[in-house]
Each structure stands twice: as C-alpha cells, then as structure tokens.
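Please read the structure below before turning to the comments.
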Amino acid sequence: MEEDTVKRIGIIGVGEIGRAIVAGLCEGADRSPEVFLSPRGAGTVAALSERYESVRVCAGNQEVVDGSEVVIIAVRRQDRHEALAGLRVDGDKVVVNVMAGVGNDDLRRTLATDAPLVRAIPLPTVRERRSVTVTYPSHPVANSLFEHLGGVLPVADEAAFNVLSALTGTLTTHYSYLATLTSWTVGHGIDPDEADRYIRGLFQGVGRSLSDETRSLHQLAADHETPNGNNERIRTTWFTPANAEALNKALDDLLADL
C-alpha cells in the first residue's frame, strides 16, 4: 500500500466481505497493513491469521477498535446491537459501515461516538482488487482504502448510496440465471462439467467486454446481436417489457426498505 494509506485496520464481523477485504489487503502485497480481526467465527479468523503474517485475531471487539485507525463494521444487520454493545470508539478513529440497510445515524446511536462514519458497499471481488466500492460521505481515508481495493465511487448523498446499494441485490440472481442455463444444458444430454465450463467461459467473455467503456450497455447489447438472430430472439421473447417492469418494481421495493 502507499505511504499515505492507513496502517492499522480492524474488522468486526469476518464473513464473506470481511474475508474478501483481508485477502485484498494482504494477498500478494509487498507491505500489508496490520489487520485486527474480531474473534467470532474462530475457524475463519484463525485461517486468515495463519495465511497472512500481518493479520491478528483479537480477544474481543474492543481490542479490535483499540488497535486500529480504521474500523470496518461488517456484522449482519440483525446482529449489530449484540456485537457492538458497549464498544468505546474514540473520535480519532474512522468507522466504515458496510452493513446493508443500516444508516450512519443508526450506527452513531449504537456506538455513541463522534468518530467519522462512512458507509461503503464493498463486493466480494475486492479480494482481487477489482471492485469499485461506493462510499458516503466521501472521506479521504476510506476513499484511499477502497481505491487500493479496486476503485472508489463516492456519492453525494445517502439517497444515491441506497440506489446503488439496491443494485447489489441483483448479484445472486445473475448466478442463478447461469445455474439455470447449466441445468437446461445438462437436461439436453451435455456432461455437467462440460456445461459448467462452457457457460463460465461464455459469460467471463461477456464480463471482459464490459471493460470497453467507449460503448454504452445498450450499444454492447446491439453489437452482440444480428437482426432476427439467436440473441435477438431470446432477448425479445424472454426479457420482455413486462419482465423489465417486474425487475424495476422489485428494485423499487428493495430501495423502499433501504
């Protein structure tokens, strides 16, 4: 990491996102920050501390906070009051809130701190340092941290943050879509391993095309179709205006809950 980035990072709640952040900070890095992990999930945190020399498992959450300059809160929304009860967070810390659906006002009441609070939406691909992370409000320390993990997108207000947060709710739908394609392929006699390999390769190629930012997403779709061709047929018969409207409604309903 660069000289001006934070040197001591604590993570309370080491689930999928917490593990991904640790890997992104430490994997292949010439000089990793010190990382302090909460003790819950003993097998996971022990494995991380064994794999990375700069990672340490703490006796409790207060020790995580005391040892860190930046504290990442990554517990499940429903567990936050139990996990954070009684924590003392001094004003010289920066707290990064990655809990979905928990606003900073809510977290500030729970922690009773005047420390800067930053909401963030890191995705699992921070482990490969390839995820653009949305933050609010913009803070130089948090922005530097996530820039290192693949990029940062500070937004102007919490309403914009919630819109982008809602989009992350579509990720597993995409995986289920690919799984459905695989099942259909197997149902037509293709070996499961071959079907899985082909579909992964097919959509990894689609993912790489997204790096071409000179073309809009609508243009990319058009460029991959021929008139009356196979792609146009599936798009117009399956992804109909009614399906698009249903997707918009599902996102609107999720946004209302956020």
Kindly provide the set of residues from the stretch 104-120 that are in contact with a strand residue (DSSP E or B) (Cβ under 8 Å, 6 or more places away or on another chain) and open to solvent by 20 Å² or more (accessible area, probe 1.4 Å), ordered by number.
ARG108, PRO116
Would you be able to tell me the number of residues in the stretch 133-144 that are open to solvent by less than 40 Å² (accessible area, probe 1.4 Å), among the aliphatic types (A, V, I, L, M) and assigned to a helix (DSSP H, G or I)?
1
Return the pair list, or none, for Cβ contacts closer than 9 Å from residues in the stretch 194-220 that are among the β-branched types (Val, Ile, Thr) to residues that are part of a loop (DSSP other than H, G, I, E, B), at least 6 apart or on different chains.
VAL206/HIS224
Any idea which residue in the stretch 186-225 is surrounded by the fewest Cβ atoms within 10 Å (Cβ to Cβ), counting only those that are acidic (Asp, Glu) and within 26 Å of the chain's Cα centre (by Cα)?
GLU213
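Of the residues ARG130, ARG215, ARG200, which single one is more than 30 Å from ASP92 (Cβ to Cβ), touching an Asp or Glu at 6+ places or on another chain (Cβ under 8 Å) and either in a helix (DSSP H, G or I) or not small (Gly, Ala, Ser) (or both)?
On the way: ARG130 fails: touching an Asp or Glu at 6+ places or on another chain (Cβ under 8 Å); ARG200 fails: touching an Asp or Glu at 6+ places or on another chain (Cβ under 8 Å).
None of the other options fit; the residue is ARG215.
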Can you name every residue in the stretch 145-180 that is surrounded by fewer than 18 Cβ atoms within 10 Å (Cβ to Cβ), of a type in the set (S, T, N, Q) and out of contact with any strand residue (DSSP E or B) (no Cβ under 8 Å at 6 or more places or on another chain)?
THR170, THR172, THR173, SER176, THR180
Matching entry among VAL65, VAL6 (being open to solvent by less than 40 Å² (accessible area, probe 1.4 Å), assigned to a loop (DSSP other than H, G, I, E, B) and under 20 Å from LEU87 (Cβ atoms)):
VAL6
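The values are calculated or read from the model by the stated rules, or taken from the named source; none is laboratory data. Model, not experiment: these values are computed from the prediction. Cβ sites come from the backbone with ideal geometry, for glycine too, and all protein chains shown count toward neighbours. Surface areas here come from the heavy atoms of the whole protein model, side chains and all, with no ligands, DNA or RNA. Shrake-Rupley method; radii C 1.70, N 1.55, O 1.52, S 1.80 Å.
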